[in-house]
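To keep things clear, I will list the structure first and then write my remarks on it.
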Amino acid sequence: MVALAVALGGCAARPEAPTGIQDPFEADNRFAHAFNKDLDRAVLRPVSRTYVRVVPQEGQQMVSNFADNLALPGMVVNNLLQGDLSGAGRNSLRFLYNSTLGFGGLFDPSSEFGIEPEDTDFGETLHVWGVPEGNYVELFVLGPSTERDALGRVVDVFLDPLDYVLPRPERSYATGVYVLDRVGDRGRFGSTVDSVLYESADSYAQARIIYLQSRRFELGQTEEAAPGAEIDPFALDTEGF
């Protein structure tokens, strides 16, 4: 697998950096956006506000640490598929240290050791393999994406080694942790998300440009990220689903 990953990573020709916005499905995307906005208003925003008010900050950090640790094995697989051996090694060490010294991932000793995560997903793997970005799409519940990243989200569900190791009850708990972590994100970045969804003249266009610019920045295709790109207005991680 490592040899194949290195060969693919070295031979694949990356597509030219995309410019502008390709959104031929705008009517359907706006329908999904309206659904996501109603869902946020009715459920996610009030629940997240309660969460950050009731749960101590230390508890929120433990949930975030635990969710981040659970995501690492899937990232290692993507690191290997991209031919990124150093990233795979770094994420493997983080998972080892945080799962043992960090009491199952509740704490993050790896960061104290200077071992930072190499965040990645199968959408980035497709980018490394030369798959173009495709059209912009907004997914129900999951939020802004592109055709390439939407496919990546689906594949990531099946790439996570923990799904094949953990028994079914524990997999359900993992899914709950991922969702709770995203609820915490919504609460912590509440003012930023609210400004995009409820204070901008066109929340759909605003969320679209923030997503595309931030994603292209993550992939090294632009030099600057969009303001407010630190949080996806809707996204629930697909890990564990």
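Out of everything in segment 136-165 that is part of a helix (DSSP H, G or I) and of a type in the set (Phe, Trp, Tyr), what residue ends up being nearest to ALA34 (Cα to Cα)? Among them, the one singled out is PHE158. Do we find that PHE140 is buried (at least 19 other Cβ atoms within 10 Å of the Cβ), closer than 22 Å to TYR211 by Cα and under 16 Å from the mean Cα position of the chain (by Cα) in this structure? So PHE140 does not fit the description; no. If you go through segment 182-211 and pick out every residue that is in contact (Cβ under 8 Å) with a residue 12 or more places away in the chain and acidic (Asp, Glu), you end up with 2. Sub-7 Å Cβ pairs linking a first residue in segment 21-41 that is under 22 Å from SER214 (Cα atoms) and surrounded by 14 or more Cβ atoms within 10 Å (Cβ to Cβ) to a second residue that is at pLDDT 95 or above and among the polar types (S, T, N, Q), at least 6 apart or interchain, are GLN22/ASN135; ASP23/ASN29; ASP23/ASN135; PHE25/ASN135; LYS37/SER203, ordered by first then second residue. Screening segment 107-137 for residues that are surrounded by fewer than 21 Cβ atoms within 10 Å (Cβ to Cβ) and among the charged types (D, E, K, R) and picking the one that is farthest from LEU80 (Cα to Cα) gives GLU112.
Regarding PHE35, is this residue farther than 27 Å from GLU170 by Cα, aromatic (Phe, Trp, Tyr) and modelled with pLDDT of 95 or more? Judged against the criteria, PHE35 is a match. Of everything in segment 146-171, what is surrounded by 14 or more Cβ atoms within 10 Å (Cβ to Cβ), under 17 Å from PHE66 (Cβ atoms) and among the acidic types (Asp, Glu)? Give them in sequence order. Selection gives ASP160, ASP163. Only a single criterion out of (1) within 19 Å of the chain's Cα centre (by Cα); (2) modelled with pLDDT of 90 or more is not satisfied by ASP237, namely (2). So for segment 76-88 (the condition being modelled with pLDDT of 95 or more, under 21 Å from the mean Cα position of the chain (by Cα), part of a helix (DSSP H, G or I) and more than 22 Å from PHE158 (Cα to Cα)), does at least one residue qualify? Within segment 76-88, one or more residues are modelled with pLDDT of 95 or more, under 21 Å from the mean Cα position of the chain (by Cα), part of a helix (DSSP H, G or I) and more than 22 Å from PHE158 (Cα to Cα). Step by step: first the residues of segment 95-135, then only those that are without any contact (Cβ under 8 Å) to a residue 12 or more places away in the chain and part of a loop (DSSP other than H, G, I, E, B), then the one that is nearest to VAL193 (Cα to Cα). Which residue is that? Result: GLY114.
Before we move on, is THR50 more than 30 Å from GLU116 (Cα to Cα), at pLDDT below 95 and hydroxyl-bearing (Ser, Thr, Tyr)? Considered against the rule, which asks whether it is more than 30 Å from GLU116 (Cα to Cα), at pLDDT below 95 and hydroxyl-bearing (Ser, Thr, Tyr), THR50 comes out as no. Set side by side, the residues ARG153, ARG148 differ, and just one is at pLDDT 95 or above, under 18 Å from PHE25 (Cα atoms) and of a type in the set (D, E, K, R), which is ARG148.
The values are calculated or read from the model by the stated rules, or taken from the named source; none is laboratory data. Please read all numbers here as calculations on a predicted model, not as lab measurements. Positions of Cβ are generated from backbone atoms using ideal geometry, with glycine treated the same way; all protein chains shown enter the neighbour counts.
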